[in-house]
Amino acid sequence: MRRLALTLALVPLLTRTLSAQRPDSLGEEVRKYLAVDTAALALSHVLLLDGTGAEPKPDQTILIRNGRIAAVGPSAEVSIPAGVRTMDLKGQTVIPGLIGMHDHLFYTAAGGRAVQMSYTGPRLYLASGVTTIRTAGSRSTYAEINLRDNIGKGLVPGPRIHLTAPYITGAAGGGSMDVITSPAEARRFVAYWASEGATWIKAYTDISRADLRAAIQEAHRRGIKVTGHLCSVSFREAVALGIDNLEHGMLTASDFDPSKQPDVCPVTLVGRNNEVDPKGEAARATIQALVKHGVSMTSTLAVYEPFVANRPTKEPRVLNAMAPEVRAGYMKVRQEIDSSGTGPIAAEGFKSAMAFEREFVQAGGLLGAGVDPTGIGGALAGYGDQRNYELFIEAGFTPVQAVRIMTLNGAKILGVAQRLGSVERGKLADLVVLKGDLTADPTVIRSPTVVFKDGVGYDSAKLIASVEGRVGID
Ligand SMILES: [Zn+2]
């Protein structure tokens, strides 16, 4: 009852922040990136992957009005009212705006670099077709609150932001995270950040079961959710404690390490997980536990790939976006990994992680995806989200499945699927126009021309040009 009352109290606020944003409310720094800024617009003759899991639909027309999808259907059937501007997009694909579920607003890279990306992050996400992000753990949380508000006011370009509190971890952790040493402390932390507007709590690798349990209870009492990049607590233990979502998939599951002690993160985790059979009994039991309790999972394959030797991880546009010093540091580490023959993550381990995610989806699990722009810095905001799509195809998902994971599934995990996540009449017009046929060539995901958020069309190339050489600085 208490939870229901809280949820209802939030309705007027949510309606206000999620209503469509018209261009006349956008400031100069946003307007300079606009491609289309009319209240009514038709996108005609597109190949549509609508995010629902439906088969690709050729020759569709989407009518956008006042920031929402007013109509969608076969071009022969959707009538375009007189005077409405029409963009003929024959040969192009439209997908829903991507929902990045592990899309931090900070960036870490080789050599211990860590920087808040209040400038490059929102521009790169939006340019790449990511129109909604969950930050999945923050370092400079007030920088992110202020950024979220400024994007909402139309002062800077960027995606919608679902705010995650700073990380919580246990006594063996530290850095920029809150080291929690008692359930009371966990509850106090969650209460504070919920009151500051965080809708997610992020637990990290050294938290204890007792403290995680307290954090989850307090979060649920306040109508917010908990996700974890865990290790000291196994996936199955976290499911039993009532967690809502688990990050990263198989490579961070400590369920498969026979030497694991309670509440302790085994140092051998990744090495052992290189050898886990994703179709074996233990993997199946873990997947079943998640599915049975409705715990979703976030795939972040793009951040792991640069740790695997001889993978294609030197894409020119990625290197161009990096500041020169960051690029040099990244290339040096990549060279070391390639020449070692096998990096920190073995090629087989990476394949197993992919297979684990396929098994999870096949078993009925709700999988979302995000970039996680950390590690050695090879997975950049937005570009890495796009790379996830290509890796899903490599993993054996169909284009329709991969798009659904990256759109509607994320909306479901965030609880916003009524308004976002698919191209359906009445939803907010968050759409990505891709140059080419995505079903014929997965690299088409790298080619957004116009990205619509709330029906406002942003010029992807202009946003990208604005960040060249700046990733790793700001
Ligand atoms: Zn992360």
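The values are calculated or read from the model by the stated rules, or taken from the named source; none is laboratory data. These numbers were taken from a predicted model, which means no experiment stands behind them. Glycine gets a Cβ as well: all are built from the backbone with ideal geometry, and neighbour counts include every protein chain shown. All accessible areas refer to the heavy atoms of the entire protein, side chains included, with ligands and DNA or RNA removed. Shrake-Rupley method; radii C 1.70, N 1.55, O 1.52, S 1.80 Å.
Overview of results
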| item | result |
| --- | --- |
| Extreme residue, nearest to Ala346 (Cα to Cα), among residues of the stretch 247-267 that are open to solvent by 10 Å² or more (accessible area, probe 1.4 Å) and part of a helix (DSSP H, G or I) | Phe256 |
| Condition broken by Tyr142, with the remaining ones in (1) under 24 Å from Val326 (Cα atoms); (2) assigned to a helix (DSSP H, G or I) satisfied | (1) |
| Selected residue (only one of Val432, Val444 is buried (at least 24 other Cβ atoms within 10 Å of the Cβ), in contact (Cβ under 8 Å) with a residue 24 or more places away in the chain and out of contact with any Cys (no Cβ under 7 Å at 6 or more places or on another chain)) | Val432 |
| Qualifying position, being open to solvent by 20 Å² or more (accessible area, probe 1.4 Å) and either without any contact (Cβ under 8 Å) to a residue 12 or more places away in the chain or closer than 15 Å to Gly375 by Cα (or both), among Pro312, Pro306 | Pro312 |
| Selected residue (only one of Ile224, Ile201 is touching a helix residue (DSSP H, G or I) at 6+ places or on another chain (Cβ under 6 Å) and under 19 Å from Val371 (Cα atoms)) | Ile201 |
| Residue check for Arg68: of a type in the set (D, E, K, R) and either buried (at least 24 other Cβ atoms within 10 Å of the Cβ) or touching a strand residue (DSSP E or B) at 6+ places or on another chain (Cβ under 9 Å) (or both) | yes |
| Looking only at the stretch 93-136, and only at residues there that are closer than 15 Å to Arg470 by Cβ and of a type in the set (S, T, N, Q), the one that is least open to solvent (accessible area, probe 1.4 Å) | Thr120 |
| Residue in the stretch 107-116 that is more than 16 Å from the ligand (Cβ to nearest atom), in a strand (DSSP E or B), within 16 Å of the chain's Cα centre (by Cα) and of a type outside the set (A, V, I, L, M) present | no |
| Which numbered condition Gly51 fails, given (1) part of a strand (DSSP E or B); (2) crowded, with 20+ Cβ neighbours inside 10 Å | (1) |
| Residues within the stretch 394-432 that are over 17 Å from the mean Cα position of the chain (by Cα) and assigned to a helix (DSSP H, G or I), tallied | 4 |
| Conditions (1) in contact with a Lys or Arg (Cβ under 7 Å, 6 or more places away or on another chain); (2) open to solvent by 20 Å² or more (accessible area, probe 1.4 Å); (3) at pLDDT 95 or above; (4) not acidic (Asp, Glu): number failed by Pro157 | (2) |
| Selection from the stretch 343-354 of residues that are of a type outside the set (Asp, Glu), part of a helix (DSSP H, G or I) and more than 16 Å from the ligand (Cβ to nearest atom) | Ala347, Gly349, Phe350, Lys351, Ser352, Met354 |
| In the stretch 273-295, residue modelled with the lowest pLDDT [restricted to those that are surrounded by 21 or more Cβ atoms within 10 Å (Cβ to Cβ) and of a type in the set (S, T, N, Q)] | Asn273 |
| Pick from the stretch 190-213, criterion of a type in the set (A, V, I, L, M, F, W, C) and surrounded by 22 or more Cβ atoms within 10 Å (Cβ to Cβ), ranking: farthest from the ligand (Cβ to nearest atom) | Val190 |
| So Val270, is it under 21 Å from Ser208 (Cα atoms), surrounded by 15 or more Cβ atoms within 10 Å (Cβ to Cβ), β-branched (Val, Ile, Thr) and within 16 Å of the ligand (Cβ to nearest atom) | yes |
| Exclusive hit being within 16 Å of the ligand (Cβ to nearest atom), in contact with a His (Cβ under 8 Å, 6 or more places away or on another chain), polar (S, T, N, Q) and open to solvent by less than 40 Å² (accessible area, probe 1.4 Å), set Thr298, Thr227 | Thr298 |
| Index of the failed condition, Arg123 passing every other in (1) of a type in the set (D, E, K, R); (2) touching a Pro at 6+ places or on another chain (Cβ under 8 Å); (3) within 16 Å of the ligand (Cβ to nearest atom) | (3) |
| Qualifying residue in the stretch 319-327 (condition: within 23 Å of the chain's Cα centre (by Cα), surrounded by fewer than 21 Cβ atoms within 10 Å (Cβ to Cβ), away from the ligand (no atom under 16 Å from the Cβ) and part of a helix (DSSP H, G or I)) | yes |
| Meets criteria (at pLDDT 95 or above, assigned to a strand (DSSP E or B), within 16 Å of the ligand (Cβ to nearest atom) and closer than 30 Å to Gly457 by Cα) for Ile168 | no |
| Condition check for Thr439: open to solvent by 10 Å² or more (accessible area, probe 1.4 Å), touching a residue at least 12 places away in the same chain (Cβ under 8 Å) and in a strand (DSSP E or B) | no |
| Tally of residues being of a type in the set (S, T, N, Q), within 27 Å of Val451 (Cα to Cα) and either away from the ligand (no atom under 16 Å from the Cβ) or in a helix (DSSP H, G or I) (or both) across the stretch 355-393 | 2 |
